[in-house]
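Comments concern the structure below.
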Amino acid sequence: MITDRRKALLGMVLIGVALALLPFIIGKGLGNAWVRVLDFALLYVMLALGLNIVVGFAGLLDLGYIAFYAVGAYLYALLASPHFGLHWPVWAILPLGALVAGIFGVLLGAPTLRLRGDYLAIVTLGFGEIVRIFMNNLNAPINITNGPQGISQIDPVRIAGVPLSKTFEAFGLSFPSVYLYYYLFLALTLLVIFVSIRLEDSRIGRAWVAIREDEIAAKACGIDTRNVKLLAFAMGATFGGVAGGLFAGFQEFVSPESFGLMESIMVLCMVVLGGMGHIPGVILGGLLLAILPEALRHGAVPMQQAAFGKVLLDPESLRMLLFGLALIAVMLYRPAGLWPEARRKREFLAEKAK
Amino acid sequence: MRFTAKTISLAVASAFVVLGCGKPEAPPPPKAEQPAAPPAKPTVTVKIGHVSPLTGPQAHLGKDNENGARLAIEEANARKLEIGGAVVTFDLLGEDDQADPKQGTTVAQKLIDAKVNGVVGHLNSGTTIPASKLYHDAGIPQISPSATNPKYTQQGFKTAYRVMANDEQQGKVLGDYATHQLAAKKIAIIDDRTAYGQGVADEFEKAAKAGGATIVAREFTNDKATDFAAILTKIKSKKPDIVMYGGMDAQAGPMAQQLKKLGIKSRMLFADGGCTTEFHKLSGDAGEGHYCSLPGLPLDKMPGGPAFKEKYAKRFNVDIQLYAPYAYDAASVMIDAMQRANSVESAKYLEALPKTNLDGVTAKITFDEKGDVKDAAITLYQAKGGKWEALESIGGGAPAPAQPAAMEGMGGMTAAPAAAPAAAAPAEKK
Amino acid sequence: MDTFIQQIINGLVLGSIYALVALGYTMVYGILGLINFAHGEVVMIGALTALTVIKLLADSGLPGTLVVLIGMLAAIPVCMALGFTIERVAYRPLRNAPRLAPLITAIGVSIVLQQLAMIFWGRNYHAFPPILPTTGRDIGGAHITDLQIVIVLLAAAIMAGLMLLVNKTRLGRAMRATAENPQIAGLMGVNINVIISATFLIGSALAAVAGVMVSANYSIAHYHMGFILGLKAFTAAVLGGIGNLPGAMLGGVLLGLIESLGAGYIGDLTGGFLGSHYQDVFAFFVLILVLVFRPSGLMGEKVAERA
């Protein structure tokens, strides 16, 4: 027993060291642009885990999830930029962003409680668009969001007075901005993972799964489906709000273009491709879909030149084309996702055996 | 599960401890080294980045920009320029930002990693602004051919330049033109709710009001719309003399058609986004008689204009879409500054950029202290026989009296919060 | 008053366009319970195929209406083949998969079709040649073109035709049986694969017709026109009650009217605060409102919650 524990501990330590060294390895080997890609990938993992609560755990199809990301991002932008002349610290904004996004989650959840499946999909989609449209237009009569121009010169995230937007020198090492954000995002991603795992194992988590599997049976078992569903929307939204705040601090610029429907669809694809309801699967999905397109973009031209001697397909069309094909292929051959939950996998095998 | 979670956090903690103790084997962070020309070598390759959307709805414009920059660079290569004692070969790294701000910063980082000595781009203001911060931090000069959002050069970045009149300058000229030359009293305004469309339309509105016109309708669409019947019907009932649209050709063309179908006789007015050959294709004969403005002088009126058009067609076998001449000029300005500084190093030729005085394809290019092109010429056109016919050019020679006024509204914005003038704008709208 | 009539006409035309596309959505949904997210892209391929043929024939001296008809006839088989293939490759293997799986493949198909269209037809916007007569009629000071009248009538006719097909023919009965319960229908001797293929063939042919009508009315076609159109049509279908043919028509027309009247009047009613920039917000707001009170849409059946 003790040796097992030790082994597990050792494994965790090794993973921890690897995660800590990752930006240095990637930055040195592939360039800092890839560390930036990794930063975005971590943001997407947070988003995917948040959406996983709604779609994966509770089985509620949400096509407007990016709205919460937008709410978090705009809240940060408004409270820490010259736009209103406010410069709140990050530790105050992020929890507030989580809270406000959570409230938006309930706002979305409340009218949709009776809806199921595809009706829910279109309403959530509409909700996402409504939020985006308001952000795009609330520059008049009172200028709140600065409209399509977006909000620029947002304060970078500062931790203990150190802005993460500048290279930080310590212990004879220098950490470029993208590395610092990597550590921040990693820490928060781990927190989100931790919360996700705890939620999954909690009473609420089991109630969500019950609703996903059979809402009527869940109700019959004494689960307050209304509150439990609302909680799913609120919790999922919270993660989105945090990720949004981080995005605003990282980019130092937000505009409504970043929160379109395609982004919602992208996050949904991460959850479903990875394996709905299965936390490691969702993390994998998030990382894959955030990084793979970049890798394709990078590899497409040299590969074609090697194979045909010239570039037949514009690397960008090829990238999107392969992305689309990958979505189809993964669903065809692994319909429960790349790394499904053991229980789901069993269900599928049983289905096939029928 | 609790066990797992605990160990994860433990692992992370230990990871940070490991880091904190300082890893002797950790590689030093990459330093921004300039590929300076060692005197021994007779040639040196200089990388110049170019960013525009190469996929998505604006892909045709993105490719056009890239072609423009590529042409300038190929010509410079053919001239075998000698800078700092070495023959310079320029290499254009074309990147795609999909008109997406997030993608914009990723490719910006990529170009910084690739140690480019300068960047021509991006096309859209939405991507140019967030990326400009990265270029600024890396000390890489950036010249945007077509990002016209005033904010871009108001951030106080020494590295940010543009070779096109910004939305303020253009909206102002259009507004003056509508009220003075066209003597419009009642004006309807539509914009597409993009940063560009809204920016131009708002400036137009200010100038038109200052010129004594009444804004009878302010309507909106979006940059993916094809149906404008509802807003045009509403506008029809207000009987405007002029309908101004702030947006791109893909909407302007069908809008002109629907305007005609609904029997609205008013002329339309577009800024550069609608001032394309594509507009005639998309509007058919409904495009006749409408007006548009384009920064710079007409291509045909420039000494190098027709030649550029010909060169471009010969090299790429397609027609110029829109901003290619500006991308060409942006790249030329950059190379010119390198020549004058006799160095391809960012830090060195950055000092030479403010003193730019170049006869470009689009205009004679000099910069003001913010990095905006000074006294940018803006030309007005009217659609006649399926072509844009130049009417008159404003600015680009004698100092236009309009210019300082346009700038005044933004006074002190470089340092002051961006919110101040932005918040003031709606107050004026009433 | 003429402005109001014009806005009603605008809404009716726009709504009929939505309805044309929504009928295809609802048809597939009614039989399979699947959101065919790629339907909008099939409409786009139909429009671009027809346009290619029409451009070739534009200078042939044939009457414009005939040229457009030929273009449409060329686009129909292309779209049918496409729809058939999509179903075989992307949906059929997933019939028993979790509900979200076919939705994701549909998104995948949508992206692939868009990219293929971009490679094939280029990134530029394509103008519809001005070969159709631009004549129209004036109704109480408002104007409607002949083409727009055709669109409105065609949408209604197609809806009626589909209803006849579903309710009165052998194929329709098999379709309804498949919709009710595919397994039992199979046991009753219905070849459900054939029925589903037939559904997709009909839906795709409709998409081709819709594509031609849309591009003719707006004189424009491009490779990403399908996405927004599909989205609006989907909204319309849900508004009316997805899976219900008259519902798609009603939902489409309603959506068109909301957008047109919303953009036309709400701005003035709210002192300019909620102007035409909130056009889509009105549409979605009405949708949410309808679904709160009627969770299965306006004409959707109240299905008992099945376990």
When A:LEU113 is evaluated against the numbered criteria (1) free of Cβ contacts under 8 Å to residues at least 40 places away in the same chain; (2) within 13 Å of another protein chain (Cβ to nearest Cβ); (3) over 22 Å from the mean Cα position of the chain (by Cα); (4) farther than 30 Å from B:VAL116 by Cα, which criterion, by number, is the only one it fails? (1)
Tell me whether the stretch B:312-332 contains one or more residues that are of a type in the set (D, E, K, R), at pLDDT 90 or above, crowded, with 18+ Cβ neighbours inside 10 Å and under 23 Å from the mean Cα position of the chain (by Cα). yes
Step by step: first the residues of the stretch B:62-84, then only those that are touching a Ser or Thr at 6+ places or on another chain (Cβ under 6 Å) and surrounded by fewer than 22 Cβ atoms within 10 Å (Cβ to Cβ), then the one that is nearest to B:THR45 (Cα to Cα). Which residue is that? B:ASN77
Identify, from the list A:ALA58, A:ALA70, the residue that is crowded, with 24+ Cβ neighbours inside 10 Å, in contact (Cβ under 8 Å) with a residue 40 or more places away in the chain, within 19 Å of A:LEU188 (Cβ to Cβ) and more than 9 Å from chain B (Cβ to nearest Cβ). A:ALA70
Looking only at the stretch C:239-268, count every residue that is surrounded by fewer than 24 Cβ atoms within 10 Å (Cβ to Cβ) and among the hydroxyl-bearing types (Ser, Thr, Tyr) and tell me the total. 1
Filter result for A:ASP4 (more than 23 Å from A:GLU200 (Cα to Cα) and buried (at least 24 other Cβ atoms within 10 Å of the Cβ)): no
Those residues that are farther than 30 Å from B:GLU278 by Cα, in a loop (DSSP other than H, G, I, E, B) and not β-branched (Val, Ile, Thr), I need them from the stretch B:319-345; list them, please. B:ASN342, B:SER343, B:GLU345
Among the numbered criteria (1) modelled with pLDDT of 90 or more; (2) more than 24 Å from the chain's Cα centre (by Cα); (3) buried (at least 16 other Cβ atoms within 10 Å of the Cβ), which single criterion is violated by A:GLY102? (2)
Could you please let me know if B:GLY273 is of a type in the set (Gly, Ala, Ser), within 14 Å of chain C (Cβ to nearest Cβ) and more than 18 Å from the chain's Cα centre (by Cα)? no
Go through C:VAL89, C:VAL78, C:VAL21 for me and flag whichever is in a helix (DSSP H, G or I), in contact with a Leu (Cβ under 7 Å, 6 or more places away or on another chain) and not polar (S, T, N, Q). C:VAL21
Could you check, for the stretch B:187-203, whether at least one of its residues is surrounded by fewer than 24 Cβ atoms within 10 Å (Cβ to Cβ) and more than 8 Å from every other protein chain (Cβ to nearest Cβ)? no
Test A:LEU94 against the criterion of being surrounded by fewer than 24 Cβ atoms within 10 Å (Cβ to Cβ), farther than 26 Å from A:MET270 by Cβ and not acidic (Asp, Glu), and give yes or no. no
Could you check the stretch A:154-227 for helices (runs of 4 or more DSSP H) lying wholly inside it with 2 or more residues that are modelled with pLDDT of 90 or more and within 13 Å of chain B (Cβ to nearest Cβ)? A:177-200, A:203-213
Residue list for the stretch B:340-374, restricted to those being surrounded by fewer than 21 Cβ atoms within 10 Å (Cβ to Cβ), under 20 Å from B:TYR323 (Cβ atoms) and touching a residue at least 24 places away in the same chain (Cβ under 8 Å): B:LEU358, B:ASP359, B:LYS364, B:PHE367
Can you tell me which residue within the stretch C:236-276, out of those that are more than 24 Å from the chain's Cα centre (by Cα) and hydroxyl-bearing (Ser, Thr, Tyr), is nearest to the other protein chains (Cβ to nearest Cβ)? C:TYR265
Those residues of the stretch A:1-19 which are free of Cβ contacts under 8 Å to residues at least 60 places away in the same chain and within 24 Å of the chain's Cα centre (by Cα) amount to A:MET12, A:ILE15, A:GLY16, A:VAL17, A:ALA18
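Okay, residues lined up against (1) modelled with pLDDT under 90; (2) not charged (D, E, K, R):
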residue	(1), (2)
C:MET163	no, yes
C:LYS168	no, no
C:LEU171	no, yes
C:ASN191	no, yes
C:VAL209	no, yes
C:VAL214	no, yes
C:PHE227	yes, yes
(1) in the same structural domain as B:THR105 (by TED's automatic domain parsing); (2) over 18 Å from B:LEU294 (Cβ atoms): which one isn't true of B:ALA188, the others all being true? (1)
Of (1) closer than 18 Å to C:ALA205 by Cα; (2) within 12 Å of another protein chain (Cβ to nearest Cβ), C:LEU51 satisfies every one except (2)
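The values are calculated or read from the model by the stated rules, or taken from the named source; none is laboratory data. No experiment lies behind these values; they were computed from the predicted model shown. Every residue, glycine as well, gets a Cβ built from its backbone with ideal geometry; the counts of neighbours run over all protein chains shown.
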